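Here the structure is laid out as structure tokens; the discussion comes afterwards.
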Amino acid sequence: NTINRSKTTDSLLNVFIDFYSNFFSYKNYQNSCPLVRALNEADIPQGKIKKAAVNEIKRWNRLLVQILEEGKDKGEINPGIDSNYYSKLIINLIEGSLLISKALKDKSYLDCAMDHLSFIIKNEICKK
């Protein structure tokens, strides 16, 4: 995975907020995130679908850690943050809120989580 190094760390992180906020509205409550759906629908605990979904979550975590570590190196984010912790927090807020919004057919859960994630990026991650 190549990260566009010309973009700032906060703009890279906000891409996730923008994408998932729009993703849910385009799907009209018919589908949750493909990762959540694959994990929920995998009948066999070690099936190929579940393995692929687990691998994708791990890849996403590594990408976010890389973005955060590069942001530290560029002096764009708080050097004291735990990149792995915040990576997992970002994934949890996105995936959890997508699942709940779909189950309740109420996008406000996703909107609330994305608003809070935006606050975290601005006031914890990017606060130097």
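The values are calculated or read from the model by the stated rules, or taken from the named source; none is laboratory data. All figures in this text were calculated on a predicted structure; none of them were measured in a lab. Counting neighbours? That spans all protein chains shown, and the Cβs are built from the backbone with ideal geometry, glycine included. These accessible areas exclude ligands, DNA and RNA; they are computed on the full protein's heavy atoms, side chains included. Shrake-Rupley method; radii C 1.70, N 1.55, O 1.52, S 1.80 Å.
Looking across segment 44-84, the residues that are touching a Leu at 6+ places or on another chain (Cβ under 7 Å) and more than 13 Å from LEU13 (Cβ to Cβ) come down to LYS50, ALA53, GLU56, ILE57. For segment 81-111, filtered to residues that are at pLDDT 95 or above and either of a type in the set (Ser, Thr, Tyr) or over 18 Å from VAL54 (Cα atoms) (or both), the residue that is most open to solvent (accessible area, probe 1.4 Å) is TYR85.
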